[in-house]
Structures are given as C-alpha cells and as structure tokens.
Amino acid sequence: MTPVSQTSGDLSSTKLLSLDRAKQLAATLLSERSQASGALVARQLHDLLGVLDASDRQRFQRYLATEFQPDGSALRAAAQRYLAEGTAEAAAALARAADPPRQELLRRINMTPGGISALIAMRSEIASCLRAEPELKLLDADLKHLFASWFNRGFIELRRIDWQTSAAVLEKLIAYEAVHEIKGWDDLRRRLAPDRRCFGFVHPALSGEPLIFVEVALVEGLATAVQPLLLQDTGEAAARERARRADTAIFYSISNCQDGLRGVAFGNFLIKQVVEELKAEFPQLKCFSTLSPVPGFRQWFDNRLVNGSDPDAAPLPQLESDGWWNDPAQSEKLRMPLLRLCAHYLTRKPSIRIDPVARFHLGNGARLERINWLGNTEPRALQESFGIMVNYLYDHDSIETNHETFVRDGTIVRSPDVNGLLHNMD
C-alpha cells in the first residue's frame, strides 16, 4: 500500500506540473506565429484548463492578470510621441502600445472549439474574487472588452422559442429563468401557449445556449399583477382567442443566461426587436409594456426606516406581521404610503443610483407608467418590494427622446399617475 504522505506528495506534484504546463502553453500560444500550430496549442491549453481544480484555475487566472502587461518602455515612448506630435498616427501607435498582450492571448484561446464558452466561464468564476483580489479586475476588464466585440448585435440572432424548440434549449429556459421560476414542463407549456411569446438572442459559437430571453403575454389592457399571467390556462382555443383580441404586449420576464457576459449590453436590442416582431405578427397591438419587479426597494426602505428620516413610515410597523398582504384592512392602510415611497425611490436623483431594473428600462427609452400594489405576492417579491410591481411603457414615438433625456441629465419620463403619487408626498 502506498503511504498517504507519498500519495499526497505525488498529487501535489502532479497539480504543480499541470499548472506550470498551463502557464507554459499560454506563453507559447502568445508567441506562436503559425495559425495551424496556434490552434493546436490553444486546444491543448483549453483541454488542460478543463481538468484543473478550482484553486489552480484561480492561480492561472491570477497569472493572466499579472503577466502579459504592455511593454513599459514602448508605452512611454508612444506617449511621448503623441504628446509631441498629437497626430492621428501617433494616437494609433499609442493605442497599440497600450493594448495588453493578454488581450491577444485571450483572442487566441478563443480560436479553439469551446474557447469562447471557457472564457465566459472564466469571467463568471472570477466575479466573486474581484473584491479580495483587485488585480483580477484587469483580466475582467479585458474579457468584458473582448466580449463587447464578439457579442455585438451583428453577431447575434433573435429566435422565437416555442414548444417545437429543442428540448435542450427548453431545459435551459427552465434553468435560467431568473424572475418568475418555471415550475416544470407543464408550467413551461403554459408560458409558450398561443397567447404567449418567448424570444431569445443566440450566438453561433454557443449552440443551444441562449444569451438572454424575454417572455411576453398578449392581453387586453395594461396588466398590473403577474399571478394571473402565470396561472392562466384555459386550453389552446381560449388562448388563441385571447391572442386575437389582445391589444397589449406585456414583457413580464427578462432573464440573462450567461453571468460571464454581465455588462455586455444587448438587452435593449432584444426588447426593441421583439416589439417589431410582435407588431408584424399582431398588427392590432397598440401598447408595449413591462410588468417588472423592484428588487432594491425593500433595502432602500429599511435604510430610511432605520435612519428615522421618513414621515410616511408611521403605519409601517404593521409590515412585521405575518400575512399582512392577505388582510384587506392592513393592506389598505399600507397601500398609499408604500406606493408613494416606491415612486420616490424610482425617481430620485442621481438616477444612476436608482433600482437596476428601472435603470435598464428607463435607459432604453421606456416611460415609468404605473406602480402596482401587490402585483406579485410570491415570497421573494414580498421580501424585495412588498409585492409592488411596475409598468414601464415602450412608446414607439417617444423611445429615442426618452432615452436621450435620461442619458443626458437623468430626467425620468413618467406618467400622470406616477406624478400624482409624487405630488402626494409634498
């Protein structure tokens, strides 16, 4: 029998050799000039990284972040030339000198099949380490920069997802749904009924892996609560009739599927293109709106309550009682104070600090249309926002103006209903 100490030593030695081999392959890949040989080295590195354990992957990521920096002497010379000449050529030379070799290494890793998936997984993995290991921010920034090019709108395709879509993709929908949990195949079938639509962006290098998807309900009038949308199931014929009568499309769930692509903006393109698809299929649709959560409201509210800075908070200790939302008397007392506070929360400046969902939709040119009391009574929604949900309205004629107004000075375009809630706070 092999002694435990010897076995442990052999394992440590093997791990060290694997990590050293990965570093050697990375250096070789960056220096490799032959495209064929480079692809082979990239595949070897990809395969090796796939078998490293978490601790060695982290060491390799740290190696990528701290090595492969721009040449300091060349960068200084290019900067001095630009300061002296100020020409376009000098600026281009400075940009080339400042481009870290690490980015070229990542581009070459992407040459191998599965390389882009591995890089997305790498960025997802380092996300939890950025605060403790700030040097990884360089690697994170390079990956984000490259992904912004590789996943720009010209390379991704909008696809409708329905019950005929492959089971592998449908399983991904169930797994990735981040707003309203899909509780199995029967629930998914309801969400793909004739009065529903689901669209996703896909990338050719990620076959079967959606980047982001949106779920839409075709209804009459502005939906103000999500449970009726999720639970409604009266058969296919009734669903087709609802679709025929619908005048409103409600975007009730938007889920990003790839954590490693956080910060790469394609959600705004998704909504605008889906609106065009729906208008072509259902020309009777007049209104396009979300029914959105308010994930940051409860935390903001609790901070104000602790600080004692809110005169509207007098009746709010009732929120501590279990089931207050099921008690009509308690619920009615809380309704207006919380709706007013939520309106203030969503419209305060600086707007960069507002709720992340609000920032996404307002930045895309939507209007803050309506704040809905007990729009979602699931436990998570009650915990995050006291069950409040929001309609953001996408009006074709004002989207660009709203977007420019929000980006320019943080002005939030809102409806008279929301203005009424804010007026009541004065």
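Miscellaneous remarks
- Yes/no for residue 158 being surrounded by 15 or more Cβ atoms within 10 Å (Cβ to Cβ) and not assigned by TED's automatic domain parsing to the domain that holds residue 251: no
- Considering each residue of the range 124-133 in turn, at least one proves to be among the β-branched types (Val, Ile, Thr), over 18 Å from residue 27 (Cα atoms) and assigned to a helix (DSSP H, G or I).
- Within the range 391-426, the residues that satisfy the criterion of being part of a helix (DSSP H, G or I), within 27 Å of the chain's Cα centre (by Cα) and surrounded by 14 or more Cβ atoms within 10 Å (Cβ to Cβ) are 399, 402, 403, 405, 406, 418.
- Members of the range 134-175 that are in a helix (DSSP H, G or I), in contact with a Leu (Cβ under 7 Å, 6 or more places away or on another chain) and closer than 30 Å to residue 58 by Cβ: 136, 137, 139, 140, 142, 143, 146, 147
- Search result, residues across the range 270-299 that are of a type in the set (A, V, I, L, M, F, W, C) and out of contact with any strand residue (DSSP E or B) (no Cβ under 8 Å at 6 or more places or on another chain): 280, 297
- Breaking point among (1) buried (at least 18 other Cβ atoms within 10 Å of the Cβ); (2) without any contact (Cβ under 8 Å) to a residue 40 or more places away in the chain; (3) of a type outside the set (A, V, I, L, M), for residue 142: (2)
- Selection status of residue 91, closer than 18 Å to residue 142 by Cβ, free of Cβ contacts under 8 Å to residues at least 12 places away in the same chain and in the same structural domain as residue 29 (by TED's automatic domain parsing): no
- In the range 300-339, the residue that is modelled with the highest pLDDT out of those that are small (Gly, Ala, Ser) and surrounded by 15 or more Cβ atoms within 10 Å (Cβ to Cβ) is 331.
- Test: residue in the range 197-220 that is surrounded by fewer than 17 Cβ atoms within 10 Å (Cβ to Cβ) and modelled with pLDDT of 95 or more: yes
- Any pair with Cβ under 7 angstrom, 6 or more apart, that starts in the range 182-203 at a residue that is without any contact (Cβ under 8 Å) to a residue 40 or more places away in the chain and of a type in the set (Lys, Arg) and ends at one that is in a loop (DSSP other than H, G, I, E, B) and surrounded by 18 or more Cβ atoms within 10 Å (Cβ to Cβ): 191/182
The values are calculated or read from the model by the stated rules, or taken from the named source; none is laboratory data. Since this is a predicted model, take the numbers as computed values, not measurements. Don't worry about glycine lacking a Cβ; one is built from the backbone with ideal geometry, like all the others, and counts go over all protein chains shown.
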